[in-house]
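Some notes on the structure that comes next.
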Amino acid sequence: MSIFIKNIKKLVNVREAAPSAPLRGEEMLSLPCLDGAWLLTEGDRISRLGRMQDLRPEELEALERSSDEVIDAEGRMVFPSYCDSHTHLVYAGSREMEFMDKLRGLSYQEIARRGGGILNSVELLHNTPEDDLLQQTLVRAHEIISLGTGAVEIKSGYGLTVEDEVKMLRVARRVEEETPLRVRTTFLGAHAVPARYKGNREGYVDEIVREIMPAVAAEGLADYVDIFVEEGFFTVEDASRIFEAAAKYGMVPKVHANQMSFSGGVQVGVRYGAASVDHLEFTGPEEFKALQGSGTIATLLPGATFFLDMDYPKAKDMLEYDLPLAIASNYNPGSCPSGDMKFMMALAMIKMRLTPETVLNAAIVNGAFAMGVASEYGSITPGKKASLFITKKIPSYEFVPYSFTSQLIENIILNGKIYG
Ligand code: NIG
């Protein structure tokens, strides 16, 4: 299958040579684009691109004749798919009643201490058979595709037993079989201490290391390992233990870090070569220095900061420290029931004063690095996967985060095929 897209008003985030490392600091401020462009896909890849004015009439005619599909994108723009590097897409049911509790003044931690929060989702997931869980997850998977996402990281962490963690990660893998999304998976057994280990956190970490992680690894279900380092959840010492055990299975660390306090999550992530440390509401110079020069990406989850009504991370300071920033949705039933990357970018601009160029790099290029798919996703580059979307007629790329609730996507192409 080949698709020829002609008369593209602007090809956004087009990079002839794909970046070999995440963009950091000043690099995040520029967004390479090509005006008046065409693009050809062949099979599942982007094959060639160029400027319309450089195409001779006979070349244009040959491209039109030889392609299986021709799309006239007059007045419309082409973006690479978003790479959403932090989600909890696999969950059962919903938690809107806790949302009401939050509005009545209870904090995220208070709800968790009462046995709600993550443990509420654990109970719901335990009572949901795998196929039903898959169907619930596929609804969200198709929702995020329609919003422009082409690659997604999905975590476990609502299972907390061998059977249920494995069930979650199997469902995450099945999302890749059942949809055109590229899926990377993360084992997050250390998301909360289950009720059966109340008062015995170490006992649960033992079970993770001795039983749950080996079972997950035996089926090759996880690319990454993650831990929620936070007061009332897990400690820096637990993280060391889990990362050391996970290294044997080739699972790369990630951390839910510094969401509610200066927890040390950033530092332990850097020490173990984490691909990313995520959240970062409670960070300052100490954390930024720890991240500086490391290979670890600072992933911002502004949807959760918004939904929990907290203060936002100091993203501009992070750029001053030359850090690589990614933006992800954190789609989950507790702190961010949304997978809309456009809204996340808008929040990052409005609340953290980032530029449109920076957020489009953070949600696409650095998102791809944060989930290890940058060789195939994260920019419009010949040889990469043809995973992109074509907008409706819009005046500028700034218009995308600006019109933060409008549906602006007209065509979606994933792995070289027209979606929908
Ligand atoms: O990334 N903070 C921990 N985990 C999720 C929330 C999970 C939940 O509340 O269900 C997050 O915000």
For the range 194-243 versus the range 297-359, the gap between their alpha-carbon centres in whole angstrom: 27
Equivalent-ellipsoid semi-axes of the range 328-420, from the Cα gyration tensor, Å, largest first: 21, 17, 15
Dipole magnitude of the chain about its Cα centre (Cβ charges: Lys, Arg +1; Asp, Glu -1), debye to nearest 20: 380
Heavy-atom accessible surface of the range 318-420: percent carbon and sulfur, 1.4 Å: 52
The chain: angle of helix 236-247 to the longest principal axis, Cα-based, in degrees nearest 10: 60
Distance violations [Cα-Cα > 23 Å] among 9/342; 155/351; 289/316; 9/417: 155/351
For residue 10, solvent-accessible area (1.4 Å; no DNA, RNA or ligand), Å²: 40
Karplus (6.51, -1.76, 1.60) ³J(HN,Hα), θ = phi - 60°, over the range 33-45, in Hz, Gly and Pro reported as x: 9, 10, 8, x, 10, 10, 8, 10, 10, 9, x, 9, 10
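Antiparallel as a % of all DSSP beta bridges within the chain, to the nearest 5?
If we restrict to bridges inside the chain, about 45 percent are antiparallel.
Which sequence of 97, 344 reflects their accessible areas, 1.4 Å probe, from the largest down? Write down the numbers at each step before the final one.
Numbers: 97 130, 344 0 Å².
These residues rank, largest area first, as 97, 344.
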The range 362-420 versus the range 63-134: alpha-carbon centroid distance in Å: 18
Under Karplus coefficients 6.51, -1.76 and 1.60, residue-wise ³J(HN,Hα) of the range 146-154 in Hz, glycine/proline x: 5, 9, x, 7, x, 9, 9, 9, 10
Selection of trypsin sites (Lys or Arg not before Pro), the range 315-396, meeting DSSP coil and at most 15 other Cβ within 10 Å: 353
In the range 125-229, the GluC sites (Glu not before Pro) that fall in loop regions by DSSP, at most 12 other Cβ within 10 Å: 219
Amide H within-cut-off set for residue 225, under 5 Å, with H built and near neighbours excluded: 187, 252, 254
Per residue value of the accessible surface for the chain (all protein chains in place, 1.4 Å probe), Å²: 38
Computed E for residue 65/residue 26 - FRET, C-beta separation, R0 45 angstrom, nearest 0.05: 0.50
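Expressed as a whole percentage, what fraction of the accessible surface of the range 157-244 belongs to carbon and sulfur atoms when a 1.4 Å probe is rolled over the protein heavy atoms?
44
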In Å², nearest 10: area of residue 122 left accessible to a 1.4 Å probe: 20
Per-bin percent of Cα-Cα distances, the chain [20 Å]: 28, 56, 15, 1
Qualifying GluC sites (Glu not before Pro) for the range 27-94 [loop in DSSP, other Cβ within 10 Å: at most 14]: 74
Residue-wise HN-Hα coupling along the range 397-404, computed from phi with Karplus coefficients 6.51, -1.76, 1.60 (Hz; x: Gly, Pro): 6, 4, 4, 5, x, 5, 8, 6
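The values are calculated or read from the model by the stated rules, or taken from the named source; none is laboratory data. Just so it is clear, the structure is predicted and the values come from calculations on it, not from any experiment. Reconstructed Cβ throughout: ideal geometry from the backbone, glycine too, with neighbour counts over all protein chains shown. Just the protein is used for accessible areas: all its heavy atoms, side chains included, with ligands, DNA and RNA removed. Shrake-Rupley method; radii C 1.70, N 1.55, O 1.52, S 1.80 Å.
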